[in-house]
Structure formats: structure tokens, C-alpha cells
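Peer 1: One structure, as C-alpha cells, below. Some questions next.
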Amino acid sequence: MNTIFTFVPSRSHEYPDHPERPGRLEIIEPHLDSFGAERIEPVRAEVEEVARVHEAGLIQAIEEVCKQGAGVIDYAPTYVTQTSYEDAMLAAGGVITCARKVMRGEARNAFAIVRPPGHHAEPRRSMGFCIFNNIAIAAQDVLSNGMERVMVIDYDAHHGNGTQAAFLNEERAGFVSTHQWGIYPGTGWFDDAPHAKKRIANVPLHAHAGDETFARISDEIFKPMVEAFRPQMLLISAGFDAHWNDPITSLGLSTAGYFNISKKLVEIAEETCDGKIVFVLEGGYDPRNVAHGVDAVFGALTSRPLKFEANDPSPYKEPDPESRIAEIRKWHGFAS
């Protein structure tokens, strides 16, 4: 079976001087058909599908506010334009389309390169540059169509508060988030959701945590969480703002680090859920970092060498992650 991808650039979803802009994808777009993956057309999400995660009042409010034209709807700032409602419906639909094909065995794995992003959007509000929570909507869709358990792993630099909120009492959905502590949205401490140990895990990190830290997290937190929860599909919130020179964050990943994380996640999916894994674009605000990150994901999904040369190690010393990893493993009962 092949790797598939879909691309939703939402070119009219743009606001002056905002970091979440179509230009994030300008470097990678010309190369998308050269990664050995099959492009598929996204199918717009239906209101009923989005409503599995978001309240009907929010969906209607977004549709109505977009008719008024461009404007800011929260302090992040999150913005909308006249096309943002349809853009967000197509972005969510693109992730659903990929996840359904992987679920049905029509594709080995997938990458949904979509915007606007989604992981901050909560059931009752859009926030953090996100309109609707694309990955949570797709997770609920596969659960509604026969799967018994799915897990989202989120390595964006920001906590996926919206996904956690959507899954807080959904016992069929697991969630793991790595994120820089102390930045937007200010949530995601390791002892959140005490009722959901081994199902919901947060990994708050110090600034400049990078390749070595994430390699340990992949082995010591991602892998045991997946093995304990036993999902039938992994969905990955791929945020390329954890790169060390992202303009709005301060984590320490390099392109090699992203490739290694992606490979590890693909390996975990092969071992635990028959290879069923779907990556979904979230943040990343330097177009070159996004291009290199997308290349890293495709390299992992297709078992091919990276297309771009990116020798970009972090110049910063990584803080020792030992105590943080140990306290998280102890909290979830993984300590030896």
C-alpha cells in the first residue's frame, strides 16, 4: 500500500503581519509531488462531522462572523476572513479523508498538510490561530466508523489544549503532548487529567529541549503510552515550531530530530496498530523549517532518504530532561 497526502493551503485565510499565513507553505508547495506519495483531493467536512467535537453554537457563530469579513476573534490573535469558515471545513475534511483511507486499508499511512491548524480549538471556542480542531474531528470520525481506540501524539511547541479538552472524558481516545512550558496557552502540566493516567499525558519541557530530549521521550513516554492504550490508529499533530529557530518559540529540535521522531512514531505504529498512522500539520512559522519538517515526515512515511539537505543542529545546550521524564513516568506508573 502507498502513502497518501492532501494539501489545503487556504490561500485566502490570511491576515496582515500574522505568523499563521499561506506563506508558511511557500517553500514546500512546489515539491509536494516529488516525495513518492499519492496526492488525494480533500472532501469538505460536513457540519455533523465537525459537531462530534464542537458545539453547534460555535460552528454557527464562525460561519456568521466570517460573513462580516476579516477580523480578530480572540487575543492570540486568532483571525478570520470571509473564506475562513469554508477553509476550516475543508481543512478538517482533508484530515478526515486521509484518516478514513488509512482506516479502510486503502492507504498505508498519510500526511494531511492543511491550514488553518486545529489543536488549540476547544469544543466551545476557536483560539490559538485555530478555527476547528482538525485532528480531534478526524479521531472522532474513525471512532464513529468502527475503530475502538485512537491516540493523538502532539509534538507542536504549544500544548494541544483543544485536543485534550475534546478527549478529556472520551475513553476511546488517548492524547500525549510535548510542549514548551510557560508559553501560550499556559496549559498542559504533567498531572493534568488524573482520572486518565496512561490515556492523557502531558510533557512540559524547558526551553531548548531538543533532539536528545525528544529521542528519550519517544522511547520512554510515547512508546509505553501507546503500548498501554493499544490504539488502532495513531494521529500525529506535527508542529514544526519546535525547531530551534522558530520565530515565536524556544524549543531545540533540528530537522534530523524531526526525522528521528517521525521514524520512531512510524515504527511504533507498525508494532502496535498495523502501521496505521496519519500526520497532520499544526504550527511552524518559518517556511524553511516547515519545508524541512514536511520532508522529514515524508521520509519516515515512505522509507526514503530526505530530499533536502538540512544540517541545522541547535546551537543551544539542552537542559537535562531526566527529572521531568522520571516524574511523568512515575505519574503514569511506568517507573521501573
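Peer 1: Under the 0.36 nm per residue contour assumption, what length would be gained going from the current alpha-carbon distance of THR83 and ILE183 to full extension?
Peer 2: 33.1 nm
Peer 1: Say each of ARG304 and GLU212 gets a label point 7 Å from the Cα, pointing the same way as Cα to Cβ; how far apart are those two points in nm?
Peer 2: Spacing of the two 7 Å Cα→Cβ label points: 3.4 nm.
Peer 1: While we're here: Taking the Cβ-Cβ separation of GLU270 and HIS18 as r and a Förster radius of 41 Å, what is the calculated FRET efficiency to the nearest 0.05?
Peer 2: Calculated transfer efficiency: 0.60.
Peer 1: So for the pair ASN2, ASP191, with labels modelled 7 Å out along Cα→Cβ, what separation do we get in nm?
Peer 2: 5.1
Peer 1: I've got another one for you. Looking at the chain as a GNM with Cα springs under 10 Å, which of GLU41, GLU49, GLU122 has the largest mean-square fluctuation?
Peer 2: Between GLU41, GLU49, GLU122, it is GLU41 that shows the largest mean-square fluctuation.
Peer 1: Now a separate question. Which number gives the lysine pairs in the chain that have C-alpha atoms under 18 Å apart and are eight or more places apart or on different chains?
Peer 2: 12
Peer 1: I've got another one for you. Using a Förster distance of 51 angstrom, determine the FRET efficiency expected from the C-beta separation of ASN169 and ARG11, and round it to 0.05.
Peer 2: After rounding to 0.05, the efficiency reads 0.85.
Peer 1: Separate question: Using a 7 Å offset from Cα along Cα-Cβ at GLU26, what residues in the stretch 288-310 end up with backbone N under 15 Å from the label point?
Peer 2: Under 15 Å, as judged by backbone N against the label point of GLU26, lie 288-291 of the stretch 288-310.
Peer 1: Using a simple charge model, +1 on the beta-carbon of Lys and Arg, -1 on the beta-carbon of Asp and Glu, nothing else, what dipole does the chain show about its Cα centre, in debye to the nearest 20?
Peer 2: Values: 32 positive and 47 negative charges, 119 e Å.
Result for the chain is approximately 580 debye, rounded to the nearest 20.
Peer 1: Report the GluC sites (Glu not before Pro) located in the stretch 128-206 that are in a DSSP loop and have at most 16 other Cβ atoms inside 10 Å of their Cβ, or state none.
Peer 2: Here the GluC sites (Glu not before Pro) that fit, given the DSSP loop and packing criteria, are GLU148, GLU171.
Peer 1: Could you give the dipole magnitude of the stretch 264-320 about its Cα centre, charging the beta-carbon of Lys and Arg +1 and that of Asp and Glu -1, in debye to the nearest 20?
Peer 2: On the way: 6 positive and 11 negative charges, 42 e Å.
So the magnitude is around 200 debye.
Peer 1: Which is the longest stretch in the chain that no exposed loop site breaks, taking sites as chymotrypsin sites (Phe, Trp or Tyr not before Pro) with a DSSP loop state and at most 11 other Cβ atoms within 10 Å? Present the calculation step by step, with values, prior to reporting the outcome.
Peer 2: On the way: sites that count: TYR75, TRP189.
For chymotrypsin sites (Phe, Trp or Tyr not before Pro) (loop position, at most 11 other Cβ atoms within 10 Å), the longest site-free span of the chain is 190-336.
Peer 1: Follow-up. Cα centroids of the stretch 167-222 and the stretch 1-61: how far apart, whole angstrom?
Peer 2: Between the Cα centres of the stretch 167-222 and the stretch 1-61 lies a distance of 25 Å.
Peer 1: Could you tell me the distance between the Cα centroids of the stretch 261-336 and the stretch 88-158, to the nearest Å?
Peer 2: 18
Peer 1: Evaluate the distance, in nm, between pseudo-label points positioned 7 Å from the Cα of TYR75 and of LYS317 along their respective Cα→Cβ axes.
Peer 2: 3.6
Peer 1: Moving on to the next point. When Cα Rg over 2.2 N^0.38 Å is calculated directly from the model, which label among [x] 1.14; [y] 0.90; [z] 1.27 fits?
Peer 2: [y]
Coordinate-derived values only; no laboratory data. Note that the structure is predicted; figures quoted are calculated from it, not measured. As a convention, Cβ positions derive from the backbone with ideal geometry for all residues, glycine included, and neighbour counts pool all protein chains shown.
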